[in-house]
Each structure stands twice: as structure tokens, then as C-alpha cells.
Amino acid sequence: MGIKENDNFFERVYEVVKLIPYGRVTSYGAIAKCLGAARSARMVGWAMNACGGREDVPAHRVVNRKGILTGKHHFDGTNLMQQLLESEGVEVIDNQIIDFKKLFWDPMTEL
DNA sequence: ATTCTGACGTGGG
DNA sequence: CCCCACGCCAGAA
């Protein structure tokens with residue numbers, strides 16, 4: 001890309017998202033906190049928006065703090081995000097991840 | 001430069 | 001438990 005080197009912020013977000021284990025999920029705030037920018041949880045979501053369909057970035061494993069699939073609307077289909085999660089064994093009902101607390105993966109603690 | 005919006009989070013009621 | 005208001009930061013019009 002251009003004169004500017006890779007956007008470390010986005011790249012770092014992608015790195016963390018890539019590390020999310022199969023069948024586990026995390027939140028935007030947790031990632032932001034892990035990066036030292038706890039107040040930039042929104043930017044994490046923005047980074048996902050900019051990721052643009054990278055398969056090495058499982059954005060479907062990132063939800064908000066409540067465990068709700070707030071970003072499902074940004075995926076191709078209507079419930080592609082939910083299908084991806086369910087294909088990993090994550091139960092989702094009405095955009096809400098079941099046992100979210102149990103499936104939650106904290107990059108700070110577990111990494 | 002100003003304003004609004006957004007895949008968020010926290011706190012108070 | 002739910003609902004509301006505020007804070008935060010980056011990008012688009």
C-alpha cells in the first residue's frame with residue numbers, strides 16, 4: 001500500500017481475531033483492551049468493516065459484550081454470521097449467543 | 001472546520 | 001432485568 005506502512009491498529013486487531021479458537025467467541029471491547037485501547041472498542045468494529053471478507057479473519061467470532069450478533073447485518077447474507085457460528089457448534093437464538101459467558105475467550109487472560 | 005454516524009462499553013435509574 | 005445518556009475515536013459528507 002502507499003507511503004504509509006500497514007495500519008498497525010487494524011493489523012493488530014486482525015492478529016487477535018485470528019487467534020480466537022474454533023468454536024469460541026470474544027467481544028470488541030476485550031480485543032480493544034488487549035491492544036491497550038480499551039476506549040476504542042468501536043474502532044475494532046470499524047477495523048472489521050475494513051477487513052472486507054478476509055477468510056483468515058473470523059469476524060463472526062467477534063460480538064458485543066452482551067453476546068449479541070450486532071454485526072450480522074454487515075455480512076453477505078441475512079444470517080451468514082449465525083450460520084458460521086452454528087457450524088462451529090455455537091448455539092445462537094435470535095442473534096443471542098447461548099452460554100456466551102462460557103464460550104467467551106478473553107485475549108488478555110487466555111493469551 | 002463542523003456535524004453525524006457507528007460491527008461498543010459503562011453507569012445510573 | 002431493561003432502558004437511557006454519555007464518552008470515545010475514526011471516517012465520510
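The values are calculated or read from the model by the stated rules, or taken from the named source; none is laboratory data. What you see is a predicted model; the values in this text were computed from it and never measured. Backbone-built Cβ (ideal geometry, glycine too); neighbour counts: all protein chains shown.
Might you check whether a residue that is out of contact with any strand residue (DSSP E or B) (no Cβ under 6 Å at 6 or more places or on another chain), part of a loop (DSSP other than H, G, I, E, B) and at pLDDT 95 or above occurs anywhere in region A:78-87?
Looking through region A:78-87, none of the residues is out of contact with any strand residue (DSSP E or B) (no Cβ under 6 Å at 6 or more places or on another chain), part of a loop (DSSP other than H, G, I, E, B) and at pLDDT 95 or above.
Among the residues of region A:75-93, are any surrounded by fewer than 20 Cβ atoms within 10 Å (Cβ to Cβ) and within 12 Å of the chain's Cα centre (by Cα)?
no
So, A:Val90, is that one β-branched (Val, Ile, Thr), within 14 Å of DNA strand B (Cβ to nearest atom) and in contact (Cβ under 8 Å) with a residue 24 or more places away in the chain or not?
no
Given the condition more than 16 Å from DNA strand C (Cβ to nearest atom) and not β-branched (Val, Ile, Thr), answer yes or no: does some residue in region A:34-54 qualify?
Here is the first cut: in region A:34-54, the residues more than 16 Å from DNA strand C (Cβ to nearest atom) are A:53-54.
Those left that are additionally not β-branched (Val, Ile, Thr): A:53-54.
Scanning region A:34-54, I find at least one residue that is more than 16 Å from DNA strand C (Cβ to nearest atom) and not β-branched (Val, Ile, Thr), so the answer is yes.
Being farther than 26 Å from A:Lys102 by Cα and within 13 Å of DNA strand B (Cβ to nearest atom) is true for just one of A:Ala59, A:Ala50. Which residue is that?
Within the list A:Ala59, A:Ala50, the selection yields A:Ala50.
Would you pick out the residues in region A:55-64 that are of a type outside the set (Gly, Ala, Ser) and surrounded by 13 or more Cβ atoms within 10 Å (Cβ to Cβ)?
Restricting attention to region A:55-64, the residues satisfying the condition of being of a type outside the set (Gly, Ala, Ser) are A:55-58, A:60-64.
Correct list: A:Val57, A:Pro58, A:His60, A:Arg61, A:Val62, A:Val63, A:Asn64.
Kindly list, by first and then second residue, each pair from a residue in region A:37-53 that is farther than 21 Å from A:Met108 by Cα to a residue that is of a type in the set (Ser, Thr, Tyr) and more than 7 Å from DNA strand C (Cβ to nearest atom), limited to pairs with Cβ atoms under 9 Å and residues at least 6 apart or on different chains.
Qualifying pairs under 9 Å: A:Cys51/A:Tyr14.
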